[in-house]
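To start, the structure under review is shown below, and the notes come after it.
The values are calculated or read from the model by the stated rules, or taken from the named source; none is laboratory data. Everything numeric in this text was worked out from a predicted model, so none of it was measured. Glycine also receives a Cβ, built like all others from the backbone with ideal geometry; neighbour counts cover every protein chain displayed. Just the protein is used for accessible areas: all its heavy atoms, side chains included, with ligands, DNA and RNA removed. Shrake-Rupley method; radii C 1.70, N 1.55, O 1.52, S 1.80 Å.
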Amino acid sequence: MKAAWNVRGHTLHGWLATASIILTSLALFGGTAVAAGQLLGSPVAGAVVANAVMFTAGMIWLRSRAGSGSKGVPVRTVPGRRFWALAGSALVMCWLVGQAGALWVYSYTGSPGFESHSQVKQAAPVLLTLLLVLVLAPMGEEMLMRGLAYARLRRHLPPVAAALLTAGVFSLLHQNLVQILATLPLGMLLAAVYERTGRLTPVIGMHIVFNLLSVALPVNAVSSLASLAFVLVAGSVLLVLLAALYAPQQARRRRGGVNPRRDEETALTGR
């Protein structure tokens, strides 16, 4: 007998399958990070292994599902210059708002978790840290949050709702208030880019640029902006940019121009 419970046309079985895949992916990611960190004696090394495992496992999963009828991500499109201009501007604003907001909150509340995280990174070899921050973390985290979690949630939810959920989980993965505030806006932007392009490559690239800005620019470059007034004004600009990125997608979805049920492997590779 078919399940009677239904949300937006999707059965309870479908929701449970989605929750199972997302939770299993999170458990694999977190469990690998902890186990490898203890084995290698370095949390940074553990994170390197976890992100490499996550990306590889995600690729294997998506390829195994190719052609099997498993679907759930947007159709690949080729955005125009206007989209990339908006996305590039939003990326800069994400970094400014995230960094300024995080520093402003940190100046009032502090963050032992962030301080501990910074000490661990400083104690690790520089090349290992750069490998993690500029290569493997963007690859592993985007496979987890956009390639798997967002793609599954889009089976049941509209773009903004799926983006809010994945952006929230993405920020919570960083496990301290400072980094949560710094990465939450980024998660919303990356979901919008993935929704429009249907590919992980540009999303990973933007994540790398975001991390590169954080590595290359000193804290002093942003400290003067760490005020409530700047966060409110710049945050308002960022909201306008994100709304502009999401609005055309919502309109196409209502007109039937976006098919949120295409093959996951095709979306990943673009073939």
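Could you say whether any residue in the range 248-271 is at pLDDT 90 or above, open to solvent by 70 Å² or more (accessible area, probe 1.4 Å), out of contact with any Asp or Glu (no Cβ under 8 Å at 6 or more places or on another chain) and farther than 16 Å from MET188 by Cβ?
Within the range 248-271, the first condition is being at pLDDT 90 or above, and the residues that meet it are none.
No: zero hits.
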Which numbered condition VAL135 fails, given (1) outside any helix (DSSP H, G or I); (2) at pLDDT 95 or above: (1)
Name the single residue that is modelled with the lowest pLDDT among those in the range 88-127 being of a type in the set (S, T, N, Q) and within 18 Å of the chain's Cα centre (by Cα). GLN99
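Can you confirm whether THR201 is over 20 Å from VAL133 (Cα atoms) and among the hydroxyl-bearing types (Ser, Thr, Tyr)?
Numbers: over 20 Å from VAL133 (Cα atoms): no; among the hydroxyl-bearing types (Ser, Thr, Tyr): yes.
Here the answer is no, as THR201 does not meet what is asked.
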The condition from (1) open to solvent by less than 30 Å² (accessible area, probe 1.4 Å); (2) within 10 Å of the chain's Cα centre (by Cα) that VAL169 misses is numbered (1)
Tally, over the range 197-224, of residues that are touching a residue at least 24 places away in the same chain (Cβ under 8 Å) and either open to solvent by 50 Å² or more (accessible area, probe 1.4 Å) or of a type in the set (Ser, Thr, Tyr) (or both): 11
Any residue at all in the range 220-230 that is at pLDDT below 85, of a type in the set (Ser, Thr, Tyr) and assigned to a helix (DSSP H, G or I)? yes
